[in-house]
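Any read-out appearing in this document is the output of simple, stated calculations on the displayed coordinates, not a laboratory observation. Quick caveat, the model's predicted, so the values are computed rather than measured. Positions of Cβ are generated from backbone atoms using ideal geometry, with glycine treated the same way; all protein chains shown enter the neighbour counts.
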Amino acid sequence: MRRRDTPLVFSVAAIAKRELSGYFATPVAYVFIVIFVALSSAFTFYIGGFFERGQASLESFFNFHPWLYMFLIPAVSMRLWSEERKSGTIEMLMTLPISTVAAVIGKFVAAWAFIAVALALTFPLWITVNVLGQPDNGVIAASYAGSLLMAGAFLAIGSCFSALTRNQVIAFIVAAAVCFLFTMSGLDLVLDVFRGWAPHILVDTIASLSFLSHFDRVTKGLIDVRDLVFFVSMIALWLYATVVAVDVERGA
């Protein structure tokens, strides 16, 4: 008799609730949040030259997000599936009346919500620039939204590689490396390697995959649907790859 899966929305909600509560059940979540907030503040004020700019802007704050996410988000995503596979609990999870799609989306939503909490706790910086001057709050709000979308893309990549290995360290290293490639792909340092011999369309394609270029336009207040589509597409593509990886493990 064929197993009847629980409706997708309820399954996703159940998995997300289970996973999110698991994050805050250990000190690791609080350590991550403290590290993220501390590094964001330190980079903004000391490396980004916040006061030297003489502007009521959070541009120096958002400029460091891709580089922070490149390492911190793989640290969050590495346990999503690797831990389940290593401990054997993935077999129990897969016997529940839920689809693989629901399990993957539920875990992703929980991790994304956790990152959103960490990002939201940087709000004192937003308050600070409003006290010091009159910033464009619309641009700041758009930058926060863009940062969360970019974080989702990094997280989806990490989720995929976590599903491919039982070793969390390997999942972290490979995910961080792939995130690094997507981040750097739009820089002239990388594109100059291809411009000498590659077709123009290939160079443009490589440049279009850069997280930096898409996020940079958002932080400048240039809201382009193509940038939103890019991040959403990246999330969907890598989550689909995660579903395939988990299905292979499920069928093994």
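Tabulated data for the structure shown
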quantity	calculated
Among LEU202, LEU39, LEU72, residue whose mean-square fluctuation peaks in a GNM of the chain (springs only between Cα atoms under 10 Å)	LEU202
Per-pair calculated FRET efficiency, R0 = 35 Å: ASP204 and VAL117 via Cβ, rounded to 0.05	0.40
Likely footprinting exposure, TRP67, TRP81, TRP126, fewest C-beta neighbours within 10 Å first	TRP67, TRP126, TRP81
Farthest toward positive dipole pole in the chain [+1 Lys/Arg, -1 Asp/Glu at C-beta], among THR242, ILE173, ALA116	THR242
Residue among THR100, ASN130, VAL232 farthest towards the positive dipole end of the chain, charges placed on Cβ	THR100
Cα gyration tensor, the stretch 149-252 - rounded (a/c under 1.5), prolate or oblate	prolate
Footprinting exposure proxy for CYS179, CYS160 (fewest neighbouring C-beta atoms within 10 Å first)	CYS179, CYS160
Candidates ARG18, ARG85, ARG166, ranked by Gaussian network fluctuation over the chain, Cα under 10 Å, top entry	ARG18
Whole-Hz couplings from phi, Karplus 6.51/-1.76/1.60, listed for the stretch 105-119; x for Gly and Pro	5, x, 5, 5, 4, 4, 5, 5, 5, 4, 5, 4, 5, 4, 5
Length added when fully stretched, VAL131-THR26, from 0.36 nm per residue minus Cα-Cα	34.2 nm
Per-residue HN-Hα couplings for the stretch 169-180 [Karplus 6.51, -1.76, 1.60; θ = phi - 60°; Hz; x = Gly/Pro]	5, 5, 4, 5, 5, 5, 4, 4, 5, 5, 4, 4
Of [x] 67, 49, 32; [y] 51, 41, 35; [z] 52, 45, 32, the label for Cα extents along the principal axes in Å derived from the coordinates	[x]
The chain, helix-only ellipticity at 222 nm - DSSP H runs n ≥ 4, -39,500 (n - 2.57), divided by all residues, nearest 500	-25000 deg cm²/dmol
Mean-position separation - Cα centroids, the stretch 156-213 and the stretch 15-46, in angstrom	25 Å
